[in-house]
Amino acid sequence: LEKYVGIVTLPNQVQQKAVKKGFVFNLMVVGESGLGKSTLVNSLFLTNLYMDRCVPDASEKIAQTVSITKSTVDIIEEGVNLRLTVIDTPGFGDALNNHESWKAAVRYVDQEMEKYRTNEIGLNRKNITDNRVHCCLYFISPHGHGLKPIDVNFMKALDQKVNIVPVLAKADSLTPKETRNMKAKILAEIDKFKIKIFQVPECDLDNEVLFKQQTLELKKSIPFAVIGSNTVVERNSRRVRARVYPWGIVEVENPSHSDFVQLRNMLIRTHMQDLIHTTHYVLYENYRINCLCRNPF
Ligand code: GDP
Ligand code: MG
């Protein structure tokens, strides 16, 4: 005789249904041009998102202000389907009206929130495509002394609207000591200017010890010091992404060379759902409530 109705499998079903539908993740990269944004995104997702990108010539570059480009790839692994969209802001820093250029990125984030809200009010609210930006990687130059005023303004303009994850770009140009100092400086300034960045959630008491350790490591790595490369070399009969210099080779995925793996794990393996969840239940909710307050009827 059956003893159970079988509700034990309900959580699995929810998950299976979500898995079947696939995941949608929208990642924005911002920061000065030339900091390795496009390269890093390619390195993160093992795809060449920008294969058919044409390089603008010099004259075109100056005429260009901020133009936002969206690239979408479908990644399918072991039956799990991820539709990843990367939103790139290539012109930032090239444009002549530099101090205005970041506004386009902020506008983009707002627009996608607004589209989602309009869709939710509409009739066909069951199948809304989620184009909201779930995470914004903010690239910080390794050559400055901490944050620049434009970084502070930009992050302040974004931090109520999107999950900001700060990264220290091109970390191969700093020594380990310089990297530590720079990270400390950036964190101090984020604190001083009260910039809200994505907080890795605290562990539950019943989480596994290994997971707790990993979370602690992850928290300590922020801002992630990253290195990107589209060059693949052979090392000890393995093919790895690396930057090749006359004096040696910097491996992108070597944890003693950079925090690249930490960042990738967080974005893909451990905290993608958190970023999506926070976007929907905190950031979007704020946006929606603000709209209601301005426009009660
Ligand atoms: P973006 O303008 O921010 O998208 O920067 P790109 O990805 O186009 O890279 C600009 C230049 O920096 C290219 O020549 C890259 O090869 C180089 N680059 C990218 N990532 C790194 C890095 O981590 N370290 C170093 N040293 N150079 C990098
Ligand atoms: Mg780029």
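We did not get these values from a lab; they are worked out from the coordinates using the rules stated. Computed from a predicted model, the values in this text were never measured in an experiment. All Cβ positions, glycine included, derive from the backbone under ideal geometry; neighbour counts span all protein chains shown.
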So, by mean Cβ neighbours within 10 angstrom, what's the order for 229-241, 278-290 with the highest one leading?
278-290, 229-241
Reachable lysines, given that their alpha-carbon falls under 22 Å from the alpha-carbon of K194 and they are not under 8 places away in the same chain
K103, K148, K156, K161, K183, K185, K219, K220
Which whole-number percent is the relative contact order of segment 154-266 (Cα, under 8 Å, 6+ apart)?
27
Which lysines, on any chain, are close to K21 with Cα under 16 Å apart, when same-chain ones fewer than 8 places away are left out?
K126
Between E178 and K103, the FRET efficiency computed from the C-beta separation at R0 = 25 Å comes out, to the nearest 0.05, as 0.20
Spin-label point model (7 Å from Cα, Cβ direction): what's the D206 to L187 distance in nm?
3.1
Taking a point 7 angstrom from the Cα of R125 along the C-beta vector, which residues in segment 267-297 have backbone N less than 14 Å away?
285, 288-289, 292
Chain lengthening between V244 and K194 when straightened (0.36 nm per residue, less Cα-Cα)
14.1 nm
Just subtract the alpha-carbon distance of N153 and K220 from 0.36 nm times their residue separation and send over the number in nm, one decimal.
21.7 nm
Provide the gained length on full extension for the span I289 to V261, in nm with one decimal, where the gain is 0.36 nm per separating residue minus the Cα-Cα distance.
6.4 nm
Tell me, what HN-Hα J-couplings in whole Hz come from the Karplus equation 6.51 cos²θ - 1.76 cosθ + 1.60 at θ = phi - 60° for each residue of segment 199-216, using x for Gly and Pro?
9, 5, x, 5, 6, 7, 4, 8, 5, 5, 4, 4, 5, 4, 4, 4, 5, 4
Sorted on mean Cβ neighbours within 10 Å (highest first), peptides 30-38, 267-275 come out as 30-38, 267-275
Would you please give the FRET efficiency between D110 and E253, computed as 1/(1 + (r/R0)^6) with r the Cβ-Cβ distance and R0 = 30 Å, to the nearest 0.05?
0.25
Just to confirm the filter: which GluC sites (Glu not before Pro) across segment 188-225 are DSSP coil and have at most 16 other Cβ within 10 angstrom of their Cβ?
E202, E208
